[in-house]
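Below you'll find the structure I mean.
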Amino acid sequence: MTWEPVIGLEIHVQLKTQTKMFCRCPVGFGAGENTQTCPVCLGLPGALPVMNRRAIEWTILLGLALGCEISEQAVFSRKNYFYPDLPKGYQVSQYDLPSCKNGIMLLPTANGDRVIGIVRAHLEEDAAKTIHVGGHSGRIGGADFSLVDYNRGGTPLVEIVTAPDIRSADEAKRFLQLLRQTIVELGISDAEMEKGTLRVDANVSVRPTGSDELRTRTEIKNMNSFNFIARGIEAEAERQIRVWESGEDVRQETYDFDAATGKLTARRAKEEADDYRYFPEPDLVPVEPSLELVERLRSELPELPAARIRRIEADLDLDRAMVLVTGGLDRLWEETVAAGADAVAAANVIANAVVGAGVEIDAVAPTELARLVEARERIPRAAFDEAIAKLGDVGFSADSYLAQEAVSDTAELEPIVDAIIEANPGQVAAYRGGKEGLLGFFVGQVMKETQGKANARVVSELVRSKLTG
Ligand SMILES: [Zn+2]
């Protein structure tokens, strides 16, 4: 029997509003611990919340980008639980009446668009940050004591819940890359996992391939990069398959994934909604956005990443289009192609050389980049690399680099190639034995010998003819 994973994601996005969700404390990193607080976000008696208008508008904007219905009436509720990072004893969160529901996101794949359902996107307030000191891995288990920084408490947080429509770890990763880029382009969050402004939990179950049953799912938490998420999902799906195949039942549990060891650790039984005793927040009125506001926000939506992938894919291929768009590189690519560069060559140079050199993308002049792309095989590799590294400099011109010629003269290159072949008999034998990937090794050695001045294409042809001849 074969199995397929059934994956749903819960994504938390911290909005980059200037102030918190229900008070005027500033939002942001870097301030001293517990300096950005007030009676409202500390939950002191008698303090009253006031809604942040921008956070509400941005949630609606995101909902529209995700094809959601925008609720005419959304209601904030109290989600009651005790934890030191929650001084009020409850979190204010939209519950049964969220701002956005029933959306979809199209995920372009080689076999057409995959439709991933968006169950809801709702607004809530973030909890404070708890820091566990002592012990290992920064988790509470084994810690000597814990500290709380209330600066984060009350920051506007959007929670996006997908339907269990995702079928592989790789699909989850691609979905998240696309969602993240959409959020960043809307200008509502930096959505950086390392900073915790984007956090993802995954709900995973497995079922016999082809069936439509939904078996018991588990939740994986604490994954801080898209690659770790993919690996965590993969590990959990494999674990569940082993459990079912051994004749036992998967239990509903929450796991932490440790990327360093690849191990999953059970955390606690998952709470049911009943445990939280939700009820409408009596200090806040319902959110009732006017049709006018919703239509204005809709008209402000830019062309979204998924649509751009489909559009530029026609000149590239899906993977390159995905890399360019989710890397925020496609505008530079389009302008570089418009300036005369070959589409595929420009995509490769931008996604590899330009990104690898850490160049600030917005500072690049597309016309100069187009000239470098066109000349990349003619000029010395060293000159090309140096030019790429300086692309972002003010007033950069490719002129001086284009004036240099790579050594393409085989008479000049042949003795160097011969010497390198002579000096590496082991690699020569391996290449002739079928390890053709070693071609790059020989080319690299010649480039090193010539300080990057040789024409890589000519060297590559020369090496190949000598080794096969
Ligand atoms: Zn405050």
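I'd like to know if the range 83-98 contains one or more residues that are within 13 Å of the ligand (Cβ to nearest atom), open to solvent by 40 Å² or more (accessible area, probe 1.4 Å) and touching a Pro at 6+ places or on another chain (Cβ under 8 Å).
No: zero hits.
Residue by residue, here is whether (1) on the phi < 0 side of the Ramachandran plot; (2) open to solvent by less than 50 Å² (accessible area, probe 1.4 Å); (3) outside any loop (DSSP other than H, G, I, E, B) holds:
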{"residue": "ARG139", "(1), (2), (3)": "yes, no, no"}
{"residue": "GLY142", "(1), (2), (3)": "no, no, no"}
{"residue": "LEU147", "(1), (2), (3)": "yes, no, yes"}
{"residue": "ARG152", "(1), (2), (3)": "yes, no, no"}
{"residue": "GLU159", "(1), (2), (3)": "yes, yes, yes"}
{"residue": "GLU171", "(1), (2), (3)": "yes, yes, yes"}
{"residue": "LEU178", "(1), (2), (3)": "yes, yes, yes"}
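Return the only residue of ARG432, ARG464 being in contact with a helix residue (DSSP H, G or I) (Cβ under 8 Å, 6 or more places away or on another chain) and either closer than 22 Å to VAL373 by Cα or surrounded by 15 or more Cβ atoms within 10 Å (Cβ to Cβ) (or both).
ARG464
Now, a different point. If you take the residues in the range 22-66 that are hydrophobic (A, V, I, L, M, F, W, C) and near the ligand (Cβ under 9 Å from one of its atoms), which one is most open to solvent (accessible area, probe 1.4 Å)?
Among those residues, the one meeting the criterion is LEU42.
Restricting to the range 263-281, give me the number of residues that are modelled with pLDDT of 85 or more, within 19 Å of GLN94 (Cβ to Cβ) and either open to solvent by less than 90 Å² (accessible area, probe 1.4 Å) or within 32 Å of the chain's Cα centre (by Cα) (or both).
Adding up the residues that qualify gives 5.
Touching a Ser or Thr at 6+ places or on another chain (Cβ under 7 Å), under 30 Å from GLU334 (Cβ atoms) and free of Cβ contacts under 8 Å to residues at least 60 places away in the same chain: is that true of ALA370 in this structure?
Yes; evaluated as a whole, the condition is true for this residue.
What single numbered condition from (1) touching an Asp or Glu at 6+ places or on another chain (Cβ under 9 Å); (2) within 30 Å of ASP362 (Cβ to Cβ); (3) in contact (Cβ under 8 Å) with a residue 24 or more places away in the chain; (4) assigned to a helix (DSSP H, G or I) fails to hold for ALA387?
The one condition ALA387 does not meet is (3).
While we're looking at this one, here's another question. Within the range 6-20, is even one residue within 16 Å of the ligand (Cβ to nearest atom), in contact (Cβ under 8 Å) with a residue 12 or more places away in the chain, over 24 Å from the mean Cα position of the chain (by Cα) and over 29 Å from LEU176 (Cα atoms)?
The answer is no, given that none of the residues of the range 6-20 is within 16 Å of the ligand (Cβ to nearest atom), in contact (Cβ under 8 Å) with a residue 12 or more places away in the chain, over 24 Å from the mean Cα position of the chain (by Cα) and over 29 Å from LEU176 (Cα atoms).
If you don't mind, there's one more thing I want to ask. Restricting attention to the range 180-200, report how many residues are open to solvent by 20 Å² or more (accessible area, probe 1.4 Å) and closer than 23 Å to GLU253 by Cα.
The number of residues fulfilling the criteria is 1.
Among the candidates ASP113, ASP190, which residue alone is part of a loop (DSSP other than H, G, I, E, B) and either touching a helix residue (DSSP H, G or I) at 6+ places or on another chain (Cβ under 9 Å) or at pLDDT 95 or above (or both)?
ASP190
While we're on this one: Here are LEU291, LEU284: which of them is modelled with pLDDT of 95 or more, in contact with a Pro (Cβ under 7 Å, 6 or more places away or on another chain) and farther than 22 Å from ASN227 by Cα?
From the options LEU291, LEU284, the qualifying one is LEU284.
So is VAL92 of a type in the set (Val, Ile, Thr), modelled with pLDDT of 95 or more and over 23 Å from the mean Cα position of the chain (by Cα) or not?
For VAL92, the condition - of a type in the set (Val, Ile, Thr), modelled with pLDDT of 95 or more and over 23 Å from the mean Cα position of the chain (by Cα) - is met.
Just the residues that are more than 25 Å from LYS16 (Cβ to Cβ), charged (D, E, K, R) and in a strand (DSSP E or B), please, taken from the range 70-100.
Across the range 70-100, the qualifying residue is only ARG78.
Within the range 107-137, restricting attention to residues that are surrounded by 12 or more Cβ atoms within 10 Å (Cβ to Cβ) and of a type in the set (S, T, N, Q), which residue is farthest from LEU15 (Cα to Cα)?
Taking the candidates together, the pick is THR109.
Looking at (1) open to solvent by 40 Å² or more (accessible area, probe 1.4 Å); (2) within 16 Å of the ligand (Cβ to nearest atom); (3) of a type in the set (Lys, Arg), find the lone condition where LYS79 falls short.
If we test LYS79 against (1) open to solvent by 40 Å² or more (accessible area, probe 1.4 Å); (2) within 16 Å of the ligand (Cβ to nearest atom); (3) of a type in the set (Lys, Arg), just (2) comes out false.
If you don't mind, there's one more thing I want to ask. Only one of ARG267, ARG308 is of a type in the set (D, E, K, R) and not assigned by TED's automatic domain parsing to the domain that holds LEU107; which?
ARG308
Same structure, new question: Can you tell which of GLU405, GLU368 is among the acidic types (Asp, Glu) and surrounded by 18 or more Cβ atoms within 10 Å (Cβ to Cβ)?
Result: GLU368 is the single residue among GLU405, GLU368 that is among the acidic types (Asp, Glu) and surrounded by 18 or more Cβ atoms within 10 Å (Cβ to Cβ).
One line per residue, one yes/no per condition, for (1) farther than 27 Å from ARG174 by Cα; (2) open to solvent by less than 20 Å² (accessible area, probe 1.4 Å); (3) not β-branched (Val, Ile, Thr):
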position	(1), (2), (3)
GLU300	no, no, yes
LEU316	no, no, yes
TRP333	no, yes, yes
VAL337	no, no, no
ALA346	no, yes, yes
GLY356	no, no, yes
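The values are calculated or read from the model by the stated rules, or taken from the named source; none is laboratory data. The model shown is predicted, which means the values in this text are computed figures rather than measured ones. Positions of Cβ are generated from backbone atoms using ideal geometry, with glycine treated the same way; all protein chains shown enter the neighbour counts. In case anyone asks, the SASA skips ligands and DNA or RNA and just uses the protein heavy atoms, side chains included. Shrake-Rupley method; radii C 1.70, N 1.55, O 1.52, S 1.80 Å.
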